[in-house]
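First the structure, in the form of structure tokens, and then the observations on it.
The values are calculated or read from the model by the stated rules, or taken from the named source; none is laboratory data. Since we're looking at a predicted model, the values are computed, not measured. Note that we place each Cβ from the backbone using ideal geometry, even for glycine, and neighbour counts take in every protein chain shown. With ligands, DNA and RNA removed, areas are computed over all heavy atoms of the protein, side chains included. Shrake-Rupley method; radii C 1.70, N 1.55, O 1.52, S 1.80 Å.
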Amino acid sequence: MLLNVIDVEATCWAGPPPPGQVNEIIEVGVCVLDLTTLERVERRALLVRPERSAVGAFCTELTGLTPETVSEGLSFREACETLRREFHADSRPWASWGDYDRKQFQGQCAVSGVPYPFSSRHTNAKKVYTEAHGLKRRPGMAQALAHAGLPLEGRHHRGVDDAWNIAALVAGLVRGGHWPS
């Protein structure tokens, strides 16, 4: 069985959004994990053109994504269609580190009038990891990698790299018998 591991990056600022701007998805990182072999079989970055906000200096510093890079991305609608068509997102189980990604998609789909691309089979990998290891607080992804003795591969806060790293954490949870079936 395949699992889509999703990590989104959105427009962001050091403080509140500038007037008239909102947090908007600018990258959907996807890593497909084979739950049988525990191999990460595919990884992709879907860059998304923001429609109601701009990528500023703070966002570029955090994610490495520039206004020029995302201006050539897909529309949000096209990104959701790609998730359904190429990653079977509407029927395949999926996971993210926390609930931010799920809620960001739900909100942006509602505002944009775009059909929600994912199945209802979502797992909050951060919650599962926290419970599996008896931790008092839910760790960030980088903290969890350090806790698990795994390297952080790529750039933190790039969706494609974070999805890849989260998939490694999920594989460890599956190996340990902690991943829900």
Inset, instruction - Residue by residue through segment 127-147, note down the ones that are part of a helix (DSSP H, G or I) and open to solvent by 50 Å² or more (accessible area, probe 1.4 Å). - result: 127, 131, 143, 146, 147
Legend entry - Inter-residue pairs, beta-carbon under 8 Å, first closer than 9 Å to residue 114 by Cβ and open to solvent by 70 Å² or more (accessible area, probe 1.4 Å) and in segment 69-80, second of a type in the set (Lys, Arg) and modelled with pLDDT of 95 or more, 6+ apart: none
Inset, instruction - Please work out which residue is nearest to residue 170 (Cα to Cα), limiting yourself to segment 104-126 and to residues that are in contact with a helix residue (DSSP H, G or I) (Cβ under 6 Å, 6 or more places away or on another chain) and part of a loop (DSSP other than H, G, I, E, B). - result: 117
Inset, instruction - Of the numbered conditions (1) among the acidic types (Asp, Glu); (2) under 17 Å from the mean Cα position of the chain (by Cα); (3) surrounded by fewer than 16 Cβ atoms within 10 Å (Cβ to Cβ); (4) in a helix (DSSP H, G or I), residue 101 fails exactly one; give the number of that condition. - result: (3)
Inset, instruction - Working only within segment 32-68, note down all residues that are assigned to a helix (DSSP H, G or I), open to solvent by 50 Å² or more (accessible area, probe 1.4 Å) and either in contact with a strand residue (DSSP E or B) (Cβ under 6 Å, 6 or more places away or on another chain) or among the small types (Gly, Ala, Ser) (or both). - result: 57
Inset, instruction - Starting from residues that are under 14 Å from residue 109 (Cβ atoms) and among the hydrophobic types (A, V, I, L, M, F, W, C), keep the ones in segment 1-27 and report whichever is surrounded by the fewest Cβ atoms within 10 Å (Cβ to Cβ). - result: 22
Legend entry - Of the criteria (1) part of a loop (DSSP other than H, G, I, E, B); (2) touching a residue at least 24 places away in the same chain (Cβ under 8 Å); (3) open to solvent by 30 Å² or more (accessible area, probe 1.4 Å), which one residue 89 fails: (3)
Inset, instruction - Considering every residue within segment 14-21, establish whether at least one is in contact with a strand residue (DSSP E or B) (Cβ under 9 Å, 6 or more places away or on another chain) and either part of a strand (DSSP E or B) or touching a residue at least 12 places away in the same chain (Cβ under 8 Å) (or both). - result: no
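If you go through segment 165-180 one residue at a time, how many are open to solvent by 10 Å² or more (accessible area, probe 1.4 Å), of a type in the set (A, V, I, L, M, F, W, C) and closer than 9 Å to residue 128 by Cα? Explain how you work it out, then say what you get.
Of segment 165-180, the ones open to solvent by 10 Å² or more (accessible area, probe 1.4 Å) are 168, 172, 174-180.
Next, only the ones that are of a type in the set (A, V, I, L, M, F, W, C) stay: 168, 174, 179.
Those left that are additionally closer than 9 Å to residue 128 by Cα: 179.
The qualifying residues number 1.
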